[in-house]
1. Going down the table (Lys15/Lys83; Lys74/Lys142; Lys142/Lys166; Lys15/Lys63; Lys44/Lys148; Lys114/Lys142), which pairs top 21 Å between alpha carbons?
2. Under the rule of at least 5 residues apart or a separate chain, name every residue whose amide H is placed under 5 Å from the amide H of Thr6.
3. Using a 7 Å offset from the Cα along the Cα-to-Cβ direction at both Asp155 and Lys44, what is the distance between the two label points in nm, to one decimal?
4. Spelling out what I want: for every residue of region 153-168, take phi, set θ = phi - 60°, compute 6.51 cos²θ - 1.76 cosθ + 1.60 (Karplus), and round to whole Hz; glycine and proline get x.
5. If contacts are Cα pairs under 8 angstrom and at least 6 residues apart, what is the relative contact order of the chain in percent?
6. Quick check on region 111-152: take the gyration tensor over C-alpha atoms, sort the square-rooted eigenvalues as a ≥ b ≥ c, and tell me if it's rounded (a/c under 1.5), prolate or oblate.
7. So who's got an amide H within less than 5 Å of the one on Gly77, skipping anything under 5 residues away but keeping other chains? H placed 1.01 Å off N, in plane.
8. Work out, step by step, the length gained on full extension between Asn30 and Asn135: first 0.36 nm times the residue separation, then minus their alpha carbon distance; give nm to one decimal.
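Values in this text are rule-based calculations from the coordinates and carry no lab data. Everything quoted here is computed from the prediction, not taken from an experiment. In this analysis, Cβ positions are derived from the backbone assuming ideal geometry, glycine residues included, and neighbour counts consider all displayed protein chains.
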Amino acid sequence: MTIFNTERLLIRTLKEDDSDDYFDMMGNPNVMNPIPREVMTREKSNNHLNNFLKKGQTTSDAKVWAIESKTENKFIGLCAFLKNNENEDEIGYRLREKYWKKGFGTEVTVGLLKYGFEQMKMDKITADVDTRNLNSVKILEKFMTVKKEFFNEADNCIDRRYEVNKNNWLQQLSIVLRPKP
């Protein structure tokens with residue numbers, strides 16, 4: 001089932017057929033270390049995916065979906081709406097390594113913000129990122145402002161929390177997407 005579209009991406013529910021590409025992402029230390037999360041074995045990756053499939057990809061605190069490339073009709077990553085430790089709405093995404101540096105992180109971030117504000121009627125959206133994850137930091141700084149930095153005990157890292165309010169996001173989006181002279 002399609003959740004929403006962007007220019008090059010289809011955000012949809014996960015499916016069993018995603019398992020090989022899902023493992024390509026979850027078993028890759030280059031993808032998992034910057035988050036930081038433990039690299040998964042094939043068995044753990046399959047169990048992780050199956051957990052989302054059993055729950056219908058929605059729990060009380062999370063909505064997790066597949067990111068698919070429209071041109072390849074292929075799973076390229078995950079995106080989600082979560083609740084942070086202060087029970088605020090939070091976005092997250094993770095891409096397979098072969099899809100890095102193609103603008104997909106920025107595109108899915110814009111899509112999540114738009115969907116969150118317009119369809120889910122959120123007033124504020126946050127995102128937490130390990131300060132060493134420079135690619136995600138760069139993306140989030142385009143659309144959000146820094147709220148605080150804190151030690152994330154669960155992941156043993158320094159996280160930075162970003163946020164954007166519904167009233168400010170369209171203005172920020174127009175600045176980022178403005179054509180360059």
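1. On the way: Lys15/Lys83 23 Å; Lys74/Lys142 27 Å; Lys142/Lys166 15 Å; Lys15/Lys63 14 Å; Lys44/Lys148 33 Å; Lys114/Lys142 14 Å.
Table pairs above 21 Å Cα-Cα are Lys15/Lys83; Lys74/Lys142; Lys44/Lys148.
2. Those lying under 5 Å, H to H, from Thr6 are Ile11.
3. Between Asp155 and Lys44, the simple spin-label model gives 1.6 nm.
4. The phi angles translate into 4, 4, 9, 6, 8, 8, 9, 10, 9, 10, 8, 8, 8, 3, 5, 9 Hz.
5. Working: 292 pairs, mean separation 31.2, N = 181.
Rounded, it is 17 percent for the chain.
6. prolate
7. It is Ile67, Arg96, by chain and number.
8. Values: separation 105, 0.36 × 105 = 37.80 nm, distance 1.23 nm.
Result: 36.6 nm gained on full extension.
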